Every structure is written in C-alpha cells, then in structure tokens.
Amino acid sequence: MHFEEYLAFGDSFSGDLYPALDAGATSVAVALERAPGAGDLAPLGAASLLHRNDDARWPAFAGRDLHSTCPGAVFRRLVEEGATIGDLFGEQLSTVEESDARALVTLTCGATELMSLLVRRPPSAVVRQAAHDIAEAYEFLVDALRRLRPNATLVLATVCDPSDGTALLPGVDDAKKPVPLEALATVNERIRTLASGTPNTLLADLHAHFMGHGVSAAEKDRWYWRRSPLEPNAMGASEVRRVWLDALELPGA
C-alpha cells in the first residue's frame, strides 16, 4: 500500500500524552498540567509511532512505519485527549479538506462516551439506548470520513475494556460494583460490522488484543497508564501501533 498522507483522527488512545508521561519523556509543564500544549513531549503515541518509529525505544519495529514504507507521506495528527465523537465532527473533520488523495485514516473513538456511561451506571434501558446512539454516531462519522476522503483506507479500532471482562474498574470507579459491559459489546459489534462491510476499511480489534493486559494483569504486563487505567501507557501505544500495522499488512518485524 502506498499513501500520500496519513490522517490520525480520534482520542487519547492515538495520542502522545499518556505514553510520553509513562515514559517520562515530557517537559515538567506537561507532566504537571497533563496538557499536550503545555510544553515538549516525545512522539510516543500510536499515531506518531505508526508514522515514524522510535528506533531506540522500539528496535523491533525499525523500518516498519510509514516514514519507511511511504516516504514523503504527509502526517496530520488530529487526535485530541478526551475527544468524543461529537468533537471529531466539530473540531477534527472540520479542519480537513475534501480530497481524492490516497490517504490512510486511523480512527480511535467512542471510549470517552462509553466509559462515562459505564461509570454512571444508569438504568438498563438508558444503557441500551445510549449504546445504540453511540454506535449510530460512530457509523455517521465513518460515513462522513468516506465522503471526505473517498480514496482513503480507513482503519477502525474497537474500544478496549480495561476491566479485562471483569466489569470492575478499580482506580476509575470506587463503587466496586460491576459496570454494564453490554454497552461496550454493542458498540464494538457495530464497529466490527462496519469494518467488514465498508469498502477500503480494515478492522483493528484493540478490544481483543488488549484483553488480559488491564486490571487482571500484573502491573508489568499492563498496557494502560498506571495513573489512569483508561489511557494507554508507552507499551500500550506500541501495541495499538502493532495492531494497525498487522491490519495494514505492512512488512517488518
């Protein structure tokens, strides 16, 4: 596959902030404020690594990035921490012009809405309707992306479950009561269906890949940031990148 540009849309699962904080690769201001714009931070998020690997930190991925396989491809990192699907419509897509260019588009979103829903634990009927609404909004977003970039290859990522199927989120929710994981399943099934039924669209099943690396794992084996179990750590970001690479079948390690 050859791409003229790479557009990274989504939330913090694609971004640099939490992986860089985990690696201690930020300025003091960023560490204190947890804001990407506060100072310097290393490009260690999944989107940055897919564009250009950090060969010193991840030598096994040397040469397995877009910088190597698609030299000259323009990288546009549009991701925002805590972005919702509405934010993608209002703030990310609005900055991108229509084009017939051969582009790669990665998308990570839905987690912000889902995790807020799970922690609030509304009645079952509300959960079902909210999950349906999130899935519908996700489908509208994919349709908008396809119209904006008709020749793009889209990579859609499922939403991870940091509870590892336990429905418990220690460090996030202090109620110690099971959260309604059926909402997560509903949205992820829609994402899988979209990926299988939409032209030039691939699935990055982060939910399946990350299972067992959340709260059920020893700390050294977790792929979530220790200070916020909903965000990827440095290893988690690399694993997101791995799933994208495998979906794209780019050569390398």
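Things to note:
- Output for region 104-150, where each listed residue is within 15 Å of the chain's Cα centre (by Cα) and hydroxyl-bearing (S, T, Y): T106, T108, T112, Y138
- Annotation note: Cβ proximity below 7 Å between a residue of region 98-123 that is surrounded by 24 or more Cβ atoms within 10 Å (Cβ to Cβ) and a residue that is among the basic types (K, R) (sequence gap 6+ or interchain) occurs for V105/R149.
- Qualifying residue in region 77-93 (condition: within 20 Å of H51 (Cβ to Cβ), surrounded by fewer than 21 Cβ atoms within 10 Å (Cβ to Cβ), at pLDDT 95 or above and among the aliphatic types (A, V, I, L, M)): yes
- Number of positions in region 157-214 that are part of a loop (DSSP other than H, G, I, E, B), among the polar types (S, T, N, Q) and surrounded by 19 or more Cβ atoms within 10 Å (Cβ to Cβ): 2
The values are calculated or read from the model by the stated rules, or taken from the named source; none is laboratory data. Since the model is a prediction, treat every value here as computed from it, not as a measurement. Reconstructed Cβ throughout: ideal geometry from the backbone, glycine too, with neighbour counts over all protein chains shown.
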